Amino acid sequence: MPGKAIIKKYSNRRLYDTEKNRYITLQQVADLIKEGHQVEVIDAKSNDDVTSYILTQVILEGARKKNFLLPVPLLHLFIRYGETILSEFFEKYLHQVIKNYLTYKSTVDEQFANWLNLSVNLAGGKPLSESASLQPLFDIFKLPITESQAHDERRDSPPEGDTKNSSHEDSA
């Protein structure tokens, strides 16, 4: 994983990447973070850590371009309760919730890909639609039918032994 990027913020609102010795934009700060860098922003005059302020600017700039960041009712809560309830929530819980969500999403995506690979392997390399042998496996996911639906199905289906219009012919 890439290391920490130290950025100096000057009074003219310009940001200076001390590692690459060049001025950078808010978008380039976002790009550094997306590449895996931890970013620390230091005010050049006071030596105060202004990372939170600059990262908030990065988020707001992205939201301005897309015209959406957070739902309006949530923004009202931010303003109403400010540094009391919401700051504690964000410090203690939100970070962990997002990390858990990303871990869960990654696990589910990986498991789904494994299932797809397994189904192709079980079908002998054919797509699922071409493999009738896997149909019983997927039938377990069908919604249960009601008694009236079962009665209607029996009434509409041909008598046993009459395979002329049977759906079994289509799947064979």
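The values are calculated or read from the model by the stated rules, or taken from the named source; none is laboratory data. In this text the structure is predicted, and so the values were computed from the model without any measurement. Neighbour counts run over all protein chains shown; Cβ positions are idealised from the backbone, glycine included.
Being loosely packed, with under 10 Cβ neighbours inside 10 Å and either β-branched (Val, Ile, Thr) or touching a residue at least 24 places away in the same chain (Cβ under 8 Å) (or both) is the filter here; which residues of the range 60-115 pass it?
Once the filter is applied, which keeps residues that are loosely packed, with under 10 Cβ neighbours inside 10 Å and either β-branched (Val, Ile, Thr) or touching a residue at least 24 places away in the same chain (Cβ under 8 Å) (or both), the range 60-115 yields Val72, Ile79, Thr84.
Are there helices (runs of 4 or more DSSP H) fully within the range 30-111 with at least 1 residues that are among the β-branched types (Val, Ile, Thr) and modelled with pLDDT of 80 or more? List them. Break it down into steps so the answer makes sense when it comes.
Working: elements: 51-66, 72-81, 85-89.
Hits in the range 30-111: 51-66.
Does Thr51 qualify as being surrounded by 10 or more Cβ atoms within 10 Å (Cβ to Cβ) and farther than 19 Å from Leu94 by Cα?
Against the criterion (surrounded by 10 or more Cβ atoms within 10 Å (Cβ to Cβ) and farther than 19 Å from Leu94 by Cα), Thr51 does not qualify.
Name every residue in the range 1-23 that is assigned to a strand (DSSP E or B) and either within 18 Å of Ser52 (Cβ to Cβ) or touching a residue at least 40 places away in the same chain (Cβ under 8 Å) (or both), in order of residue number.
Pass one, the range 1-23, residues assigned to a strand (DSSP E or B): 4-9, 15-17, 22-23.
Lys4, Ala5, Ile6, Ile7, Lys8, Lys9, Leu15 - these are the residues of the range 1-23 that are assigned to a strand (DSSP E or B) and either within 18 Å of Ser52 (Cβ to Cβ) or touching a residue at least 40 places away in the same chain (Cβ under 8 Å) (or both).
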